[in-house]
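Worksheet for the structure shown next.
Taken together, the values in this text are just the output of simple stated rules run on the coordinates, not laboratory data. What you see is a predicted model; the values in this text were computed from it and never measured. Counting neighbours? That spans all protein chains shown, and the Cβs are built from the backbone with ideal geometry, glycine included.
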Amino acid sequence: MATNLQQKILIIEDDPGISNFLKTTVSAAGYAAIVTGNGETALQMISSHCPDCILLDLGLPDMDGGEIIRSVRSWTQTPIIVISARSMEEDKAAALDDGADDYITKPFGAVELLARIRTALRHTRTTAESGEIALNGSYHVGDLEIDYKKMRVLLSGKDVHLTPNEFRIVMLLGRHAGRVMTYKSMLKELWGPSASMDNKILRVHMASIRRKIEPNPNEPRYIFTEVGVGYRMAENEDIKE
Ligand code: CA
């Protein structure tokens, strides 16, 4: 039974096997699970139960996942984690652009799922900027520091000398650390709504940024590539020693 202290997770998934796995996993972790396999019912449940986080299967029988995300986003900022099948990979970026917070691809394990939920709950969409940046004017992860006031990026205390565009990319990812930013949302944010939607410019800058900040550019620890979707800046809990 749900208590007032428990955070509520709404599971919107029509596959009974996956739905049961999700329910068991989140319940065992101490969350209260609410489950439906139907989009229309889900929208009603969101308004009546006010869940703290929503897990959404993109392939529902009655409604398109994007339609559900846009509808939810028209009235609430509740975090949404999209659950996508491999066959729907190209829909992940679209789901994020529609307002989803993160995605997880089937098959996935309990550990990964719970980590995504914790991240989503930590980053409510109303706080676009991390508390750390607001408080100190800087973002720290591992040996990397983004100093927003002095407009510098430091690695182990040394200025890494980014170009102005590289710096803007790192600042943007730092402000959204822990969350995936799609190529499209980055290009819009950096160069305005009429910018070219060619990801190549981001890839070129990212290669140069990684040579400057990553101990091993082939195995990034600070900025991760989300294949076919975008980039994500690490948080301290991502850093493995
Ligand atoms: Ca499905």
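Figures for the structure shown
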{"quantity": "Of Lys149/Lys184; Lys150/Lys212; Lys92/Lys200; Lys149/Lys212, pairs whose Cα-Cα distance is over 23 Å", "calculated": "Lys149/Lys184"}
{"quantity": "Cβ-based charge dipole, region 1-98, positive-most Cα from Ile69, Met88, Leu5", "calculated": "Leu5"}
{"quantity": "Region 4-125: relative contact order as a whole-number percent, Cα under 8 Å and 6+ apart", "calculated": "23"}
{"quantity": "Order of Ser84, Ser196 - criterion: other Cβ atoms within 10 Å of each residue's Cβ, fewest first", "calculated": "Ser196, Ser84"}
{"quantity": "Relative contact order (%) - the chain, alpha-carbon pairs under 8 angstrom, separation at least six", "calculated": "13"}
{"quantity": "FRET efficiency estimate (nearest 0.05) - Cβ-Cβ, Leu155 to Glu89, R0 22 angstrom", "calculated": "0.10"}
{"quantity": "Span-like helix ranges in the chain, DSSP H, alpha carbon extent 24 angstrom or more, Kyte mean at least 0.5", "calculated": "none"}
{"quantity": "Scaled radius of gyration (Cα, divided by 2.2 N^0.38 Å) that region 132-238 gives", "calculated": "1.00"}
{"quantity": "Inter-probe distance in nm under a simple model that places probes 7 Å from Cα toward Cβ, at Ser194 and Val111", "calculated": "5.0"}
{"quantity": "Candidate lysines - alpha carbon under 16 Å from Lys8, same-chain residues fewer than 8 apart omitted", "calculated": "Lys23"}
{"quantity": "Sequence of Ser48, Ser27 once ranked by neighbouring C-beta atoms within 10 Å, starting from the fewest", "calculated": "Ser48, Ser27"}
{"quantity": "For region 147-156, Karplus couplings with θ = phi - 60° (6.51, -1.76, 1.60), whole Hz, Gly/Pro x", "calculated": "9, 6, 6, 8, 6, 9, 10, 10, 10, 6"}
{"quantity": "Quotient of Cα Rg and 2.2 N^0.38 Å for region 4-125, N being how many residues it contains", "calculated": "0.93"}
{"quantity": "Using distinct alpha-carbon pairs, which all enter the 1/r mean, Kirkwood radius of the chain in Å", "calculated": "18.9"}
{"quantity": "Computed [θ] at 222 nm, helices only, for the chain once each DSSP H run of length n ≥ 4 contributes -39500 (n - 2.57)", "calculated": "-12000 deg cm²/dmol"}
{"quantity": "Fewest-first ranking of Met151, Met88, Met63, using other Cβ atoms within 10 Å as the exposure measure", "calculated": "Met151, Met63, Met88"}
{"quantity": "Length-normalised contact order for region 33-89 - Cα pairs under 8 Å, 6+ apart - percent", "calculated": "39"}
{"quantity": "Inter-part distance where region 208-223 and region 67-99 are each reduced to a Cα centre, Å", "calculated": "29"}
{"quantity": "Among Val111, Val26, Val180 - extreme Cα towards positive end, dipole of the chain, charges at beta-carbon", "calculated": "Val180"}
